[in-house]
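Engineer: Quick one: the structure is below, and I'll ask about it shortly.
Bear in mind that the values in this text are calculations on the coordinates, not laboratory data. Everything numeric here is computed off the predicted structure, so don't read it as measured data. Backbone-built Cβ (ideal geometry, glycine too); neighbour counts: all protein chains shown.
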Amino acid sequence: MTPTLAACAAPAAALFCAFWLLPMVELASLPAGKGWQTYVAVLTEPRYLRSLIQTTALAAGVTLVSLALAAAVGLHLGRQRFPGRRLLLALLTLPLSFPGVIVGFLVILVGGRQGSFADLSEALGGGRITFAYGLTGLFLAYVYFSLPRAIASFTAVVERMEPDLEEAARSLGATGARIARDVWWPTLQPTALAAGAILFATAMGAFGTAFTLASRFEVLPITIYNEFTNYANFALAASLSLALGLLTWAVLLVAQRFGGGTVGAAA
Amino acid sequence: MRGAILGAGTRPRTAPASRPAAPLLLGITAAVGVFTLAPLALSVTAGLMANYAQGLGAGLTTRWLGEVWALYGGTVALSLGLALACVAVALLAGVPCGYALARSRSRVARAFEELLTLPVAVPGLATALALILAYGEWGGFRQSPAFILAGHVVFTLPFMVRTVGAAFRRDDLMALEEAARTLGAGFARRFVGVLVPAVAPSIVAGCLMVFTLSIGEFNLTWMLHTPLTRTLPVGLADSYASMRLEIGSAYTLVFLAVIAPVLWAMQAVAHWIERRDATDHAAR
């Protein structure tokens, strides 16, 4: 690196070191003060392990469902041309810019105590049914904020797909299922891997949504938040954050190595 | 891309004709559309309804918007200020950094590029805890909006660096820079007079992205804020927890009104870049 280039990178490097790297080093060294076993508390304490497993299962389920739905939407929007297509795409990707708290609120508005779903079920004679505050609400909320990201990625890749390939397959008599397997899947697969990793990492670290829903289903970010604010257990909160950070980073890294994409570029 | 392959004479990126529709895909798209947009429409109307429990029959009102403005007006101003400050830092620190990383082939530069994206990969809560542990005792800093700004900057900077870095790597730009150099332009003149204008659309795109990310950031901000430094999303969380549904909805409407023009501009800039690249290819 020449001195000029180094000078160009210096301000960003200084900001990064002062406000991320050094604080992170401090965070990473904090659990050591309470003994080395604090680092593995997430695996040895049943409460935290349960939270970790619940969070991972939720994130994995949300990722798979969102990828499947978004692939269908991407195939439709990428292959069809109709008036208002761009507007629809813009509307479907609008929630990308929402803080998680808004998504939680939308679920409360539909599935909460005063929600329209409760009104509907009451009118149908089923009593006031709520689903916002349990696993169902959390799952739907996570799918809600995961879909736009995956839809944007899939639509972009389908738009660049060669139409001739599908045309050729069709004229050779390939069925819809054959086309899906031999033409669509190879196009979508790398995107599914890259987008899937980002969806998973985002779902693992999501805090605002679960916070707003005050969910009975505890996810790891909420556990960390409680340890920090309610119990002032800083070393443990640091240890759990490290575990969560390492896990999400590792997933993104593995996806990058296999897919050749860029970590976090679309996060 | 397609324009480049087909060569001059063909209109770049002409929309290909629709291909046979699959009813299943159409059905899923419609369902996802309802799933995404119906709650949003419900929220927008709830914010304008006189009484949510009684439905539209009770009439429409802007009363809740007024209350939001009285209770939370300050959060909008703070969020806008923070987002603009983030953009300023991204311009001053992120653009030169993107250039340095685009031109340097050293191992250190690659490693630094990877490190720089870590705040995006690692959950915001972890970054926030680290900042509090490191600077929590610095009262003046901890209590000021600058503390939140620090968190937002490390989170948004990688997006600017990556966006402009990709633009600086273009081959034609390397040639342009070389030409300016042989004509005797110094570094400052080359950078400000030649390079920055050439990648202007990407810089604008990066600015809009940084702005949007900062305005909507909650995971970090909730931990970093104090009662005197509440941002828009922090205020939203507060209103959802303690106010009636109508106020929460009206406040959500305020957020949408703030974010919509920026998103619209983002789309417009993306088209601008696409068209510019297409005409560049066609011109050759």
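Engineer: Any chance you could count how many residues in the stretch B:243-284 are part of a helix (DSSP H, G or I), within 13 Å of B:Val68 (Cα to Cα) and more than 10 Å from every other protein chain (Cβ to nearest Cβ)?
Structural biologist: 5
Engineer: On to the next question. List every residue pair whose Cβ atoms lie under 6 Å apart, where the two residues are 6 or more positions apart in sequence or sit on different chains, the first residue falls within the stretch B:75-88 and is touching a residue at least 40 places away in the same chain (Cβ under 8 Å), and the second residue, located anywhere, is among the aromatic types (Phe, Trp, Tyr).
Structural biologist: Within 6 Å, the pairs are B:Ala83/B:Phe211; B:Val87/B:Phe211.
Engineer: Is there a residue in the stretch B:179-187 that is assigned to a helix (DSSP H, G or I), at the interface with chain A (Cβ under 9 Å from one of its Cβ atoms) and more than 21 Å from B:Met223 (Cβ to Cβ)?
Structural biologist: Scanning the stretch B:179-187, I find at least one residue that is assigned to a helix (DSSP H, G or I), at the interface with chain A (Cβ under 9 Å from one of its Cβ atoms) and more than 21 Å from B:Met223 (Cβ to Cβ), so the answer is yes.
Engineer: Report, ordered by the first and then the second residue, all pairs with beta carbons closer than 7 Å, sequence separation of six or more or different chains, a first member in the stretch B:43-59 that is assigned to a loop (DSSP other than H, G, I, E, B), and a second member that is surrounded by 15 or more Cβ atoms within 10 Å (Cβ to Cβ).
Structural biologist: Cβ pairs passing all conditions: B:Ala50/B:Thr61; B:Tyr52/A:Gln114; B:Tyr52/B:Ala46; B:Tyr52/B:Leu245; B:Tyr52/B:Glu246; B:Ala53/A:Gln114; B:Gly59/B:Ala50.
Engineer: Let me ask something else. Tell me which residues, restricted to the stretch B:217-229, are outside any helix (DSSP H, G or I) and more than 26 Å from B:Met266 (Cα to Cα).
Structural biologist: B:His225, B:Thr226, B:Pro227, B:Leu228, B:Thr229, listed by residue number.
Engineer: Out of all the residues in the stretch A:58-71, is one or more facing another protein chain (nearest Cβ under 7 Å) and part of a helix (DSSP H, G or I)?
Structural biologist: There is at least one residue in the stretch A:58-71 that is facing another protein chain (nearest Cβ under 7 Å) and part of a helix (DSSP H, G or I).
Engineer: Same structure again: Looking at the stretch B:180-195, which of the residues that are more than 23 Å from B:Ala166 (Cβ to Cβ) and touching a helix residue (DSSP H, G or I) at 6+ places or on another chain (Cβ under 9 Å) is surrounded by the most Cβ atoms within 10 Å (Cβ to Cβ)?
Structural biologist: B:Ala185
Engineer: Could you give me the residue pairs with C-beta distances under 6 Å whose first residue belongs to the stretch B:251-263 and is more than 14 Å from A:Ile102 (Cα to Cα), whose second residue is outside any helix (DSSP H, G or I) wherever it lies, and which are 6+ apart or on separate chains?
Structural biologist: none
Engineer: Then there is this: Which one of the conditions (1) within 14 Å of chain B (Cβ to nearest Cβ); (2) surrounded by fewer than 16 Cβ atoms within 10 Å (Cβ to Cβ); (3) touching a residue at least 60 places away in the same chain (Cβ under 8 Å); (4) of a type outside the set (A, V, I, L, M) does A:Thr4 fail to meet, given that it meets all the rest?
Structural biologist: Result: A:Thr4 passes all but (3).
Engineer: Hey, does the stretch B:204-216 have a residue that's over 23 Å from B:Val122 (Cα atoms) and either assigned to a helix (DSSP H, G or I) or over 21 Å from the mean Cα position of the chain (by Cα) (or both)?
Structural biologist: yes
Engineer: Same structure again: I'd like to check which helices (runs of 4 or more DSSP H) are fully inside the stretch A:137-206 and have at least 1 residues that are over 26 Å from the mean Cα position of the chain (by Cα) and surrounded by fewer than 19 Cβ atoms within 10 Å (Cβ to Cβ).
Structural biologist: A:163-171, A:176-179
Residues are listed down the side, and each one gets a yes or a no for (1) farther than 28 Å from A:Leu199 by Cβ; (2) surrounded by fewer than 24 Cβ atoms within 10 Å (Cβ to Cβ); (3) within 18 Å of the chain's Cα centre (by Cα):
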{"residue": "B:Val76", "(1), (2), (3)": "yes, yes, yes"}
{"residue": "B:Leu82", "(1), (2), (3)": "no, no, yes"}
{"residue": "B:Glu114", "(1), (2), (3)": "no, yes, no"}
{"residue": "B:Thr117", "(1), (2), (3)": "no, yes, yes"}
{"residue": "B:Gly124", "(1), (2), (3)": "no, no, yes"}
{"residue": "B:Tyr135", "(1), (2), (3)": "yes, yes, no"}
{"residue": "B:Ile148", "(1), (2), (3)": "no, no, yes"}
{"residue": "B:Phe168", "(1), (2), (3)": "yes, yes, no"}
